[in-house]
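> I am attaching a structure below and will ask some questions about it afterwards.
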Amino acid sequence: MSMTPLAWLLGLFLPACGASGAAGLPTPRLMDISHIDRPSSPNTALAAPADFVPKPDIVTPRYAVAASKLYAEVLAVATGQARTYPAAEFPAQMQAHFVARSAWLNFPDLVVAQVTAAGPDASTLVLYSRSVYGYGDFGVNQARVVTWLAALDRTLNPAKER
């Protein structure tokens, strides 16, 4: 990845902005997805089933596919996004972490995806995207979650393509 001069300069004050890919940030640990403590700042986005706590910004459906298939598709969607890099993966728990970087200033955002089995051919998904720096995010995290969910829907439901 080539870094803009502004990102390089910003990296002098915000070190993670001066790094490439998932570098410059601690390697994520397995997250207890049932205990997300969202900040009061408007720089996060949460997509989860309707009964999830805390209340999600976007409600995800119950997917009519095995959890292993949904997990594989989520990984494919995430790694297919521009400036998105794998940071950690916990396949046994079907949880993966990514770093998504902004185009101009290389700001890192953290994204966690958690798939849970809801039966032999059913599963659920939680996507949580949050900024590393700043109070607001200009809606970037919400837009990212919407984009990933739309790409996942196109992958799982190709007949719905327009």
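The values are calculated or read from the model by the stated rules, or taken from the named source; none is laboratory data. Source: prediction; values computed, not measured. Positions of Cβ are backbone-derived with ideal geometry, glycine not excepted, and every protein chain shown enters the neighbour counts.
> Quick one: which residue in Gln93, Gln114 is within 16 Å of Ala66 (Cβ to Cβ) and buried (at least 22 other Cβ atoms within 10 Å of the Cβ)?
So the residue among Gln93, Gln114 that is within 16 Å of Ala66 (Cβ to Cβ) and buried (at least 22 other Cβ atoms within 10 Å of the Cβ) is Gln114.
> I would also like to ask the following. Criterion first (touching an Asp or Glu at 6+ places or on another chain (Cβ under 6 Å), in contact (Cβ under 8 Å) with a residue 24 or more places away in the chain and outside any loop (DSSP other than H, G, I, E, B)) does Ala87 satisfy it?
no
> With respect to Asn106, is the statement that it is at pLDDT 95 or above and crowded, with 22+ Cβ neighbours inside 10 Å true?
no
Yes/no per residue for (1) under 19 Å from Asn157 (Cα atoms); (2) without any contact (Cβ under 8 Å) to a residue 12 or more places away in the chain; (3) over 16 Å from the mean Cα position of the chain (by Cα):
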| site | (1), (2), (3) |
| --- | --- |
| Ile33 | no, no, no |
| Thr44 | no, no, no |
| Ala50 | no, yes, yes |
| Phe98 | no, no, no |
| Phe107 | no, no, no |
| Val112 | no, no, no |
| Asp121 | yes, no, yes |
| Tyr128 | no, no, no |
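> Given the condition on the phi > 0 side of the Ramachandran plot and surrounded by 15 or more Cβ atoms within 10 Å (Cβ to Cβ), answer yes or no: does some residue in region 54-75 qualify?
Among the residues of region 54-75, not one is on the phi > 0 side of the Ramachandran plot and surrounded by 15 or more Cβ atoms within 10 Å (Cβ to Cβ), which makes the answer no.
> I need the full set of residues from region 22-41 which are surrounded by 16 or more Cβ atoms within 10 Å (Cβ to Cβ) and either of a type in the set (A, V, I, L, M, F, W, C) or out of contact with any helix residue (DSSP H, G or I) (no Cβ under 8 Å at 6 or more places or on another chain) (or both), in order please.
Scanning region 22-41 gives Ala22, Leu25, Pro28, Met31, Ile33, Ile36.
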